[in-house]
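The values are calculated or read from the model by the stated rules, or taken from the named source; none is laboratory data. Computed from a predicted structure; not experimentally measured. So basically every Cβ, Gly included, is an ideal-geometry build from the backbone, and we count neighbours across all protein chains shown. Note: areas computed on protein heavy atoms with side chains; ligands, DNA, RNA excluded. Shrake-Rupley method; radii C 1.70, N 1.55, O 1.52, S 1.80 Å.
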Amino acid sequence: MRRFLVLSAALIAATALAGCKKEEEAAAPPRPVLYSVVKPVALPGTRFAGTVQAKVQSALGSRVAGRLVSRSVHVGDLVAKGDELAVLDATAYELAVRSARAELSSAEATLASAVAADERQRTLLQSNAAARAAVESAEQSRAAAEAGLTRARTALKKAEEQLSYTRIQAEFDGVVVATGAEVGQTVSPGEAIVTIARPDERDAVVDIPETAVAIAVGSRFRVSLQINPAITVMGAVREVAPSADAVTRTRRVKIALENPPDTVRLGTTITAELEGPDLTAIMVPETAILVKDGKPHVWIVDTQKGEVHLAAVETGAAAGRYLSVSSGLKEGDRVVTAGVNSLEDGQKVKIEDEASL
């Protein structure tokens, strides 16, 4: 009898403890979870950073060496065709022109003397007062004088041309985008002194990694300013570098902008996004994936009920720490991004964070 009472008391105590445990479990607070709202984003390799550059620009310099004595323009200045941009010290070239002119005068005088001597010898030959040898010598002297005059004229033209190279002029209407030399600096032939560009025709220039999607001439891009993404302009690829840079392994792509507004200025940093079908996908962090029975799943948060439910998904290519999801999710779904191995289907949760992928 006593043993029966002891067993009954133990059973009652165990039942009471079990009830308390269930009450404690039922009263357990919702578990905090981190989640993100998913939405389609551009696939990796379809968005690139770059800058706005002029389609046509020219680095202007002198064809002769000299010391820069004047530069009348600065970066940002507007110039017209024919405007003087810079001047080199022309002293030596002016002296060369004077010398060439003197040589020309001397050659002209020599030719005039040779012509007179030739005509005189011909007259004397007709009256048998001169020998044929003297006439031939006069003719040779005249020919040599004519050749000397041609050389002198050519030398003068060359000297004047060299002098003209000391003045650098704008070859077309444009804006100064760079300067390569300062006043007092000695420049070499061909060294850029001023670079001007045509601001009316602009390109978005981006460097695309070799691993990115193939970009062909004519591909369409939507270009937006990084400082103000609301400003966008469409463009088409007009040029793709035939080979990748040996160091960066990127190809330079030039996108011709279509009627860009004045706010899309030269040198502005832009983002170019490739336009076309199947270029966006839903991306989720790798930490959001739970592998169950060998298949990927995610926890979807039901904000109305405050619960999580397991959903099977199909994943695609990885991009860094993210995976593309081809099916099982739709835009607006809230996916748990941490602690996916310790959740249960239908478990009550508390929302801790919300972000867009």
In whole percent, the fraction of accessible protein surface over the chain that belongs to carbon or sulfur atoms, probe radius 1.4 Å, stands at 51 percent
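How large is the dipole of the stretch 208-357 about the Cα centre if only Lys and Arg carry +1 and Asp and Glu carry -1, each at its Cβ, rounded to the nearest 20 debye? All intermediate terms of the calculation are to be shown ahead of the outcome.
Numbers: 16 positive and 20 negative charges, 96 e Å.
About 460 debye.
Per 0.36 nm of contour for each residue apart, how much would the distance between Arg101 and Asp200 grow if the chain were fully extended, relative to their Cα-Cα spacing?
Details: separation 99, 0.36 × 99 = 35.64 nm, distance 4.48 nm.
Difference between extended and current length: 31.2 nm.
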Summing Lys, Arg as +1 and Asp, Glu as -1, what charge do residues with Cβ under 13 Å from the Cβ of Glu182 carry, Glu182 excluded? +1
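Could you state the accessible area per residue of the chain in Å², with a 1.4 Å probe and every protein chain left in place? Can you show the working numbers first?
On the way: 21350 Å² over 357 residues.
Dividing the accessible area of the chain by its residue count gives 60 Å².
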At 0.890 mPa s and 25 °C, Stokes diffusion of the stretch 167-275 via Kirkwood alpha-carbon radius, µm² per second: 152 µm²/s
Starting from the Cα of Lys81, step 7 Å along the direction of its Cβ; do the same at Asp207; then give the gap between the two resulting points in nm. 3.5 nm
Anchor Lys158: lysines whose Cα lies under 27 Å away (excluding residues fewer than 8 positions away in-chain): Lys81
Mind checking which of Ala214, Thr315, Thr280 is farthest towards the positive end of the stretch 197-334's charge dipole, using Cβ charges of +1 (Lys, Arg) and -1 (Asp, Glu) about the Cα centre? Ala214
At 7 Å along Cα-to-Cβ for each site, give me the label-to-label distance between Val247 and Arg265 in nm. 2.8 nm
Using alpha carbon centroids, what distance separates the stretch 43-98 and the stretch 108-182, in Å? 35 Å
Rounded Å value of the spacing that divides the Cα centres of the stretch 260-338 and the stretch 212-250: 24 Å
Which one is right for this structure if mean projected area of the Cα convex hull in nm² is calculated from it: (i) 35.0; (ii) 19.4; (iii) 23.4? (i)
